[in-house]
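What follows is a set of notes on a single structure, which appears directly below.
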Amino acid sequence: MKSDLAPEDNDAVKSDASATAQPNIEQKRTLRRVVSASFVGNFVEWFDYGVYGYFATTIAIVFFPESEGNLALLSTFAVFAVSFVVRPIGGFIWGHIGDKIGRRSALSVSILIMSVSTFAIGLLPSFAVAGFLAPVLLLVVRLVQGFSAAGEYAGASAFLVEYAPPRRRGLYAAVVPASTATGLLLGSVLAAVLSSTLSDGQLESWGWRLPFFLAAPMGLIGRYIRTRLEDTPAFRELAQQDEVIKAPVFAMFRDHWRPLVISMCAVLLNAVGFYVVLTYMPTYLTTELGYGATESFIATTIALVTYIGFILLTGLASDRFGRKRMLIIASVTFIVLTVPAFMLLDAGSFTLVVLVEIGLGAMLTLNDGTLPSFLAEMFPTRIRYTGFAVSSNVSNALFGGTAPFMATLLIGLTNSHLAPGWYLMAAAAICLGAVICAKETFHKPLRDV
């Protein structure tokens with residue numbers, strides 16, 4: 001193609017080329033900072049949040065010593081579930097802040113709240129010291145954690161999607177679940193190390209507190225990285241055009257209730273699967289199948305490494321084949337294979353347990369690597385944070401936070417180790433129906449959503 005410039009304008013051509021190259025280089029640098037900020041911040045949030053699940057059996061002894069066996073564990077998971085009650089409230093508030101003030105502001109504050117509240121758990125007195133005040137304080141701090149976590153997943157996903165190149169939104173958004181799993185991985189590794197090196201008495205006395213104390217320095221690092229970034233180009237464009245919405249929640253219910261309902265149902269597989277496969281599983285292997293704590297954490301750690309390896313590939317695949325296709329494949333896979341997988345877990349071979357956990361983790365990535373970009377693309381920029389946060393947190397409050405509790409309860413009611421598998425199947429079926437009703441969005445510019 002011929003240039004529009006005359007030959008004598010060569011100097012101008014060189015100057016224009018340099019000017020064009022420089023923004024490209026700067027864009028790449030900005031994208032790297034955005035990915036780093038989203039990864040580190042979300043990693044810190046979910047390390048903090050996941051550690052509780054990995055130390056559930058120890059926390060049950062420390063805070064609920066008067067309960068016996070399954071009842072103490074149920075009490076621990078009940079506190080875990082109750083903390084999700086505030087998730088929808090947090091979704092509304094963080095969504096309002098993110099859509100009205102900016103994504104960066106919401107994310108910078110949420111990580112600070114999470115870090116402080118997690119650090120506080122490490123300082124809580126045990127039941128032996130404070131009596132019934134101890135579990136009450138645990139519940140209060142967990143509620144604060146739940147409120148903070150409500151804005152993280154949605155905000156980080158929206159942040160990445162709005163910065164990402166148009167044809168790589170799925171890949172960039174997959175950084176969020178990858179960082180989530182990396183946070184859980186560190187928690188699992190620490191749990192495995194502490195369980196294998198400390199006696200039961202040491203673990204119950206002070207060992208379980210150590211991972212919670214890591215929250216403060218990691219949170220400060222994450223907050224520092226986030227405050228060094230500008231807000232997303234999509235949000236800045238809205239602000240420059242004075243189109244930032246004043247009441248995003250009202251607009252969401254008035255104009256976008258259908259994608260909201262679809263999104264809430266589509267999140268179910270992620271909500272149940274994430275907490276059953278990646279946080280509840282060590283407890284399941286220990287209390288239901290009789291494996292040692294160290295073995296259980298090793299199996300989950302290996303599964304998490306596999307999950308992280310697959311998750312970015314799934315995000316990339318969703319950019320090529322579409323969000324709907326990937327989510328449908330994930331749902332069908334869980335419907336068909338989940339119960340057989342739990343049958344194999346009960347077969348008595350640790351090697352088989354590891355292989356099954358790897359398989360479940362890989363299956364989950366088909367959903368989790370696609371879901372962040374899918375949810376972000378379901379809502380226009382003006383209410384993206386709110387729509388994502390509300391739909392995700394309502395489903396997680398109702399079904400995600402209660403997943404360990406429900407799994408433990410269903411096993412007790414049915415006297416069957418397969419109960420969590422049937423529960424996962426039901427979540428996958430609802431997710432499948434919702435995704436079928438959704439429109440494909442991966443090929444659309446964000447401004448056309």
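Computed values, structure above
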item	result
Under the Karplus curve 6.51 cos²θ - 1.76 cosθ + 1.60, θ = phi - 60°, whole-Hz ³J(HN,Hα) for the stretch 187-198, x wherever Gly or Pro sits	x, 5, 4, 4, 4, 5, 5, 5, 5, 8, 9, 9
Between the stretch 381-395 and the stretch 30-52, the alpha-carbon center distance in angstrom	19
Solvent-accessible area of residue 448 with every protein chain in place, 1.4 Å probe, in Å² to the nearest 10	90
Extreme residue, positive dipole direction of the chain, given options 374, 446, 187 (C-beta unit charges)	446
Distance (nanometres) between label positions extended 7 Å along Cα→Cβ at residue 346 and residue 255	5.2
Euclidean distance between Cα centres, the stretch 288-344 to the stretch 222-256, Å	33
Solvent accessible area, Å² - residue 58, 1.4 Å probe, full protein context	10
In sequence order, calculated HN-Hα J values of the stretch 371-385 (Karplus, 6.51, -1.76, 1.60; Hz; x Gly/Pro)	4, x, 5, 4, 5, 5, 7, 6, 10, x, 4, 4, 10, 4, 4
Volume in Å³ per residue [convex hull over Cα atoms, computed for the chain]	151
Solvent-accessible area per residue for the stretch 261-373 (1.4 angstrom probe, square angstrom)	31
Volume per residue that the Cα convex hull of the stretch 198-340 spans, once the total is divided by residue count, Å³	213
Heavy atoms of residue 335: accessible area, 1.4 Å probe, square angstrom to 10	50
Spatial separation of Cα centroids for the stretch 92-138 and the stretch 432-449, in angstrom	34
J(HN,Hα) series, the stretch 409-416, from Karplus relation 6.51 cos²θ - 1.76 cosθ + 1.60, nearest Hz, glycine and proline x	5, 5, 5, x, 6, 9, 6, 10
Longest exposed-site-free window of the chain, the sites being GluC sites (Glu not before Pro) in a DSSP loop that have at most 16 other C-beta atoms within 10 Å	244-439
Net dipole in debye of the chain [+1 Lys, Arg Cβ; -1 Asp, Glu Cβ; about Cα centre; nearest 20]	860
Sequence-separation-based contact order of the chain, relative, with Cα cut under 8 Å and 6+ spacing, percent	25
Extension gain, residue 242 back to residue 289 (0.36 nm per residue minus Cα-Cα distance, nm)	11.1 nm
Chain lengthening between residue 228 and residue 130 when straightened (0.36 nm per residue, less Cα-Cα)	31.1 nm
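The values are calculated or read from the model by the stated rules, or taken from the named source; none is laboratory data. Predicted model, so just to flag it, every value in this text is computed and none were measured. Every residue, glycine among them, receives a Cβ derived from its backbone with ideal geometry; neighbour counts consider all protein chains shown. Note: areas computed on protein heavy atoms with side chains; ligands, DNA, RNA excluded. Shrake-Rupley method; radii C 1.70, N 1.55, O 1.52, S 1.80 Å.
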